[in-house]
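Presented below is the structure to which this report refers.
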Amino acid sequence: MDTKLRKDIQSALQSIAASTPVLSSKVRADKLYEIFILTCIVRALRLLNVQMEFKDSSDNPTRNIIFRLGPGLIYNPSSSPGFVHFSYQGREYEIQNSIRVLGVSNVLHELDICIISREEADKCRRNQINPKQSTIKMIAECKYYGASLPLHLGREYLGLGKEFGIRIKTLVSNQGSEEIHSLITKHKGTENFNISPLNPENIETFVRWLANELRQVL
């Protein structure tokens, strides 16, 4: 499974002119899955004919891809190694992974994958402050498990949803759970379960769903 994740990640990132990605340090499977879901967002944006490029921690174009492997602050170079920069309909955005963002309660939350306005990201890097929830356009919480998902993940997702009142926020996992599905859909949440290279049809459905949602929001 890990090998297939790596191959799919490499293929997607090469599509935006990145050098062949090499994971130079040992990566936990859950973080590898997070990067895999980021590449699904890249694929969705390509369906919208969006041009993208990688930037490094100094906001310069780069072909060397470095991802966060733990929670980080957007303005801290040591924990803010790189991101995907793109423009759509005259506005600029960034795809970030594992950054901390202020929710409506003014408490910091780690977001696995998010799209943030470029203007906000620039301001936060310059002034060394944390992004606000109002500038986040989408959230994907990524859960990689070897067995069924524990119910507390659904409860945590609902709590996060209250902190980020946006249209595109989804719980994505390689597994599924009828209990979590019932819980979060009852509260108008969204899940995308059984998303992995072992289920290519599910990936295609997920990517098309993302493209449609992003077309409406960006």
Review point. In percent, what relative contact order does the chain have, based on Cα pairs under 8 Å that are 6 or more apart in sequence?
Key: 17
Review point. Among the lysines, which fall within straight-line cross-link reach of Lys188, defined as a Cα-Cα distance under 29 Å, with same-chain neighbours fewer than 8 residues apart omitted?
Key: Lys31, Lys132, Lys137, Lys143, Lys162, Lys169
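With a Förster radius of 41 Å, plug the Cβ-Cβ distance of Ser182 and Asn60 into 1/(1 + (r/R0)^6) and report the FRET value to the nearest 0.05.
The calculated FRET efficiency here is 0.30.
Test of understanding: what is the full-extension gain from Leu48 to Arg126, defined as 0.36 nm times their sequence separation minus their Cα-Cα distance? Please report the intermediate quantities before stating the final value.
Numbers: separation 78, 0.36 × 78 = 28.08 nm, distance 3.03 nm.
So the extension gain works out to 25.0 nm.
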Review point. For segment 148-192 and segment 82-115, what is the separation of their Cα centres, given in Å?
Key: 19
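In debye to the nearest 20, how big a dipole does the chain give about its Cα centre with +1 on each Lys and Arg Cβ and -1 on each Asp and Glu Cβ?
Working: 28 positive and 23 negative charges, 49 e Å.
The dipole of the chain has a size of about 240 debye.
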Exercise for review: Run the quick spin-label model on Arg215 and Leu198: label points 7 Å from Cα toward the beta carbon, then report their separation in nm to one decimal.
Suggested key: 3.2
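For a test of the definition: using alpha carbon positions, the gyration tensor, and the 1.5 limit on a/c, classify the chain as rounded, prolate or oblate. Don't jump to the answer; show the numbers that get you there.
Numbers: a/c = 1.42, a/b = 1.14, b/c = 1.25.
Rounded is the answer for the chain, as its axis ratio a/c remains below 1.5.
Given a 1.4 angstrom probe, what's the average accessible area per residue across segment 23-217, in square angstrom? Don't skip to the answer; put the middle values down first.
Working: 9230 Å² over 195 residues.
Normalised by residue count, the accessible surface of segment 23-217 is 47 Å².
Arrange the residues Val42, Val107 by how much accessible surface each exposes, largest first, with a 1.4 angstrom probe. Intermediate values should be presented prior to the final figure.
Numbers: Val42 0, Val107 75 Å².
Ranked list, largest accessible area first: Val107, Val42.
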Practice item. Could you go through segment 105-116 in sequence order and give the Karplus-derived ³J(HN,Hα) for each residue, using 6.51 cos²θ - 1.76 cosθ + 1.60 with θ = phi - 60°, rounded to whole Hz, and x for Gly and Pro? Key: 7, 6, 9, 6, 10, 7, 9, 4, 9, 8, 10, 10
**Study point:** Integer Hz, Karplus 6.51/-1.76/1.60 couplings in order for segment 198-206, x for Gly and Pro
**Key:** 6, 10, x, 5, 5, 4, 4, 5, 4
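The values are calculated or read from the model by the stated rules, or taken from the named source; none is laboratory data. Fair warning: this is a prediction, and the values are worked out from it, not measured in the lab. Because the Cβ atoms are built from the backbone with ideal geometry, glycine has one as well, and the counts that use them run over all protein chains shown. Calculation scope for accessible area: heavy atoms of the full protein, side chains included, ligands and nucleic acids excluded. Shrake-Rupley method; radii C 1.70, N 1.55, O 1.52, S 1.80 Å.
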